[in-house]
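Here's the structure we're looking at; comments come further down.
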Amino acid sequence: MKNLFKTTVFLTLLTSLTSCGFMDHVERRAGVLNSLEDKVLVLNKKNQAQRNEIMQLKFKLKSVESRNFYLESQLQNKGKPTQRTIASVRKVNADDLVKFDVYKWKPHQMLAIAEKEFDGKNYEKSAQFFKEFSTHFPNDEALDDKFLFQAGVASFEAGKHYQWSEKYFGSLVEKYPTSKFYLGSKLWLGMSYLKQGKEKEFFAVVEEFRKKYRNTPEWNILSGHYEKIVQKYKSN
């Protein structure tokens, strides 16, 4: 009797498992799995395409880096005899520390380098970056009284850009009469005149200080140079 009961239960379960509903469920699951496999294949193809694109971009980057390395080598070897020259490569001034045409600097990059070199007392490089900044970005809001003062000092201290320093300090004095850099710029402007042999302009600045700013440190500096010039004229 027990065996007959077990057999009946087994047959009932088997019948239910092989029913249409169960088979439909299996077919739906199989369809889902097939769909997922198709999606995986599509994603794999997309990933491969992206990997190929990344490889192409890396190749282009390496090409640009190689070109920049070549240009740098040309700058370092400028003046040395070479067997061949490439006409398509434009000659670059070896004294140019900015190389704007090569690096295509952004305004904030140029200003950061100019100020960093200024703080490090590397005045020649600082002066060149200030100069190129003002040339390429003449309407930038960073061209304020502080910029003009630092650019003027860097140009003067570089020892050969006195025309630049005269321009910067003259512009500051004209545009920012209430600036905290005003008197200092007057002093540096007078010294820029003196370095260029513009004694008439220098004496005009000294006379202005003598009348208006005799009790300032700037006057003490200017008057010392003034006395030296006077003594030189007296000895001649």
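Could you work out the percent of alpha carbon pairs in segment 100-235 separated by over 27 Å, rounded to a whole number? Walk me through the numbers on the way to the answer.
Numbers: 2167 of 9180 pairs.
Summing the P(r) tail past 27 Å for segment 100-235 gives 24 percent.
May I ask you to derive the FRET efficiency for LEU97 and LYS146 from their Cβ-Cβ distance with R0 = 25 Å, giving the value to the nearest 0.05?
Once rounded, the FRET efficiency stands at 0.70.
For a protection proxy built on the mean count of beta-carbon atoms within 10 angstrom, sort 177-185, 138-146, 164-172 highest first, please.
Details: 177-185: 15.3, 138-146: 12.8, 164-172: 23.1.
In descending order of packing, they fall as 164-172, 177-185, 138-146.
For ILE221, ILE113, which order do you get if you count the other beta carbons within 10 Å of each Cβ and list the fewest first?
Values: ILE221 15, ILE113 20.
The fewest-first ordering by Cβ neighbours comes to ILE221, ILE113.
In segment 100-235, with Lys and Arg counted as +1 and Asp and Glu as -1 at Cβ, which of these residues, TYR103, ALA142, TYR176, has the Cα nearest the positive end of the dipole, that is, farthest along it?
Checking the options against the dipole of segment 100-235, the answer is TYR176.
What list of ³J(HN,Hα) couplings, whole Hz, do you get for segment 211-228 from phi and the Karplus terms 6.51, -1.76, 1.60, once you set θ to phi - 60° and write x for glycine and proline?
3J(HN,Hα) across segment 211-228, in whole Hz: 7, 10, 10, 5, 9, 10, x, 4, 5, 4, 5, 5, 5, x, 5, 4, 4, 5.
Say R0 is 25 Å: what FRET efficiency, to the nearest 0.05, do LYS211 and LYS175 get from their beta-carbon distance? All intermediate terms of the calculation are to be shown ahead of the outcome.
Working: r = 23 Å, r/R0 = 0.91.
FRET efficiency, LYS211 to LYS175: 0.65.
All of the numbers you see were taken from the coordinates with simple rules; none came from a lab. Please read these numbers as outputs of a predicted model, since none were measured by experiment. FYI the Cβ positions are ideal-geometry reconstructions off the backbone, even for glycines, and counts take in every protein chain you see.
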